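Below: one structure, written as structure tokens.
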Amino acid sequence: MCDILIKNAYVVTMDPAGRVIQDGAIAIEGNRILDVGPSKEISASYNAREEIDAHDMIALPGFINAHTHIAMCVISRIGRELKDRLYRVYWPMERAWIPEDCYKASLMGAAEAILFGATCIVDHYFFMEEIAKATIELGIRGFLGHTIMTEDGPWVGRAEFEEGVNFVKRWKGKHPLVIPCLAPHAPDTVSPDWLMELKEIANEQNVKIHMHLSQSMREVRKVKGPWGRGARSPVDLLHRLKVLGPDLIAAHCIYIDEYDLKLLSQTGTNVVYCPSTYALGGTYASADKMMKSGIRVLIGTDARPADMIGELRAAAMTQRQLTGDPSAMSSKDLLRMATIEAAKALGLEDKLGSIERGKLADLILVSMKKPHMNPRFDPCANIVYNALGSDVDTVIVDGKVVVREGSLTRCDMGSVVKLGREAAEALTQRAIEIDSNLRQLIEGSHPP
């Protein structure tokens with residue numbers, strides 16, 4: 001007996017053998033995968049309380065969005081044609097957050113992520129208690145950290161440091177869908193002393209660190225000055241502070257040189273590639289080069305719409321344009337980056353990232369019923385090059401169906417969107433009251 005039996009699926013397991021089962025089935029009991037194999041064999045072995053006929057669907061592990069800020073769904077649509085929008089739009093607006101609106105925005109952001117096939121998000125933001133509440137409500141797994149900044153940001157100071165540490169202590173082992181981490185913002189906004197202190201706390205609490213690294217030239221210039229205490233780059237600074245390593249999830253690494261690349265590789269640091277963000281800003285990161293240097297590279301949507309399938313395609317296209325190599329970052333590589341490799345970076349490879357017996361039942365079904373998904377020669381290539389985020393039909397997190405036939409099961413979509421719009425309106429009004437220069441940006445006028 002099992003709770004859910006998914007049958008007749010094209011199963012892409014992402015297991016160590018890279019198995020693909022053309023007519024496969026998955027048995028789920030509680031929050032675990034009980035069995036996986038050919039449909040005929042599995043269907044004969046288990047009676048199920050619920051059967052899902054996945055004919056014309058690809059089953060694969062749920063996507064792990066390795067760097068995102070779901071609450072920013074109400075901010076990130078502003079100033080998309082601006083340079084330095086982080087400093088000119090995001091930070092000024094973020095000063096206007098209140099907990100209630102962050103919660104409402106996070107509900108909409110979490111809904112967007114789930115509907116696009118993410119079963120786990122790695123989120124780094126302010127008011128993380130509200131974000132944790134939203135992720136639990138929507139049923140998505142969250143690897144969450146409260147942003148810590150020493151100075152030069154919207155929410156700074158020792159109180160934020162203490163909240164970041166206390167968030168870890170409050171949530172560690174408290175809920176199956178919430179895995180806390182420490183989240184210093186970046187090397188230019190968190191002092192070297194604080195970074196060393198946070199690394200010690202991370203070691204004591206046995207948690208990961210998730211932060212931005214080498215994301216802007218402003219960061220590089222500041223670290224090369226007195227702030228960096230003689231470091232030649234942000235990567236070098238973290239190396240000197242002993243922050244680099246397999247317990248660090250470093251988003252971006254755009255402005256790095258060969259020396260930085262060597263440090264990242266030698267220390268086993270995990271890097272998150274967010275191609276749509278870079279393309280929008282007219283920059284790029286050498287993700288293919290990083291991978292060929294032995295660095296584990298993951299995929300994140302950052303503050304962009306949380307369409308992981310679109311992000312996989314953007315990753316492939318940008319790296320091939322950058323390298324001139326059509327074989328750079330294969331579809332199988334990309335799917336691994338968004339599943340099992342991300343799970344390894346989070347220290348959760350025994351639980352997430354592949355469809356195997358005993359692992360947590362976090363998986364998705366992607367429809368192949370529409371013309372753009374046919375013919376079906378290679379399911380991995382179909383997902384990366386042909387699929388749309390809207391092709392995600394079913395999402396299961398922790399053994400529970402949270403999306404069925406493209407619709408949320410835990411809440412009403414209209415209500416979630418209404419709350420998101422309310423948060424956006426309230427936030428923008430408060431932001432304009434704080435900084436009147438934002439009015440033109442919010443209303444669509446983009447001065448150079």
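Taken together, the values in this text are just the output of simple stated rules run on the coordinates, not laboratory data. Just so we're clear, the structure is a prediction, and the values are computed from it rather than from any experiment. Cβ placement follows ideal geometry from the backbone for every residue including glycine, while neighbour counts extend to all protein chains displayed.
Listing for the model above:
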| item | result |
| --- | --- |
| Proximal charge balance of N437 [Cβ under 14 Å; K/R count +1, D/E count -1] | 0 |
| Backbone HN-Hα couplings from phi across segment 401-409 [Karplus 6.51/-1.76/1.60, Hz, Gly and Pro as x] | 6, 9, 9, 10, 6, x, 10, 5, 9 |
| Relative packing of peptides 239-252, 65-78 - highest average C-beta neighbours within 10 Å first | 65-78, 239-252 |
| Considering only segment 66-345, percent of DSSP beta bridges that pair antiparallel, nearest 5 | 0 percent |
| Axial C-alpha extent at least 18 Å, average Kyte-Doolittle at least -0.5 - helices from the chain (DSSP) | 99-115, 308-323, 413-434 |
| Euclidean distance of C-alpha centroids, segment 370-448 and segment 39-68, integer Å | 24 Å |
| Surrounding net charge for T318, when Lys and Arg each add one and Asp and Glu each subtract one, Cβ distance under 11 Å | 0 |
| Rounded Å value of the spacing that divides the Cα centres of segment 196-263 and segment 296-345 | 22 Å |
| Charge tally in the Cβ shell below 14 Å around K174, where Lys, Arg are +1 and Asp, Glu are -1, K174 excluded | +4 |
| Long-range HN-HN contacts of I148 with modeled amide H, under 5 Å | A183, H185 |
| Mean Cβ count within 10 Å, highest first, over the residues of peptides 23-35, 306-318 | 306-318, 23-35 |
| Simple Cβ-charge dipole of segment 80-228, Lys/Arg +1 and Asp/Glu -1, about Cα centre, in debye nearest 20 | 320 debye |
| Top positive-direction residue, dipole computed over segment 300-350 with Cβ charges, set G324, G300, G347 | G324 |
| Gyration tensor (alpha-carbon) shape descriptor, segment 66-345, a/c threshold 1.5 | rounded |
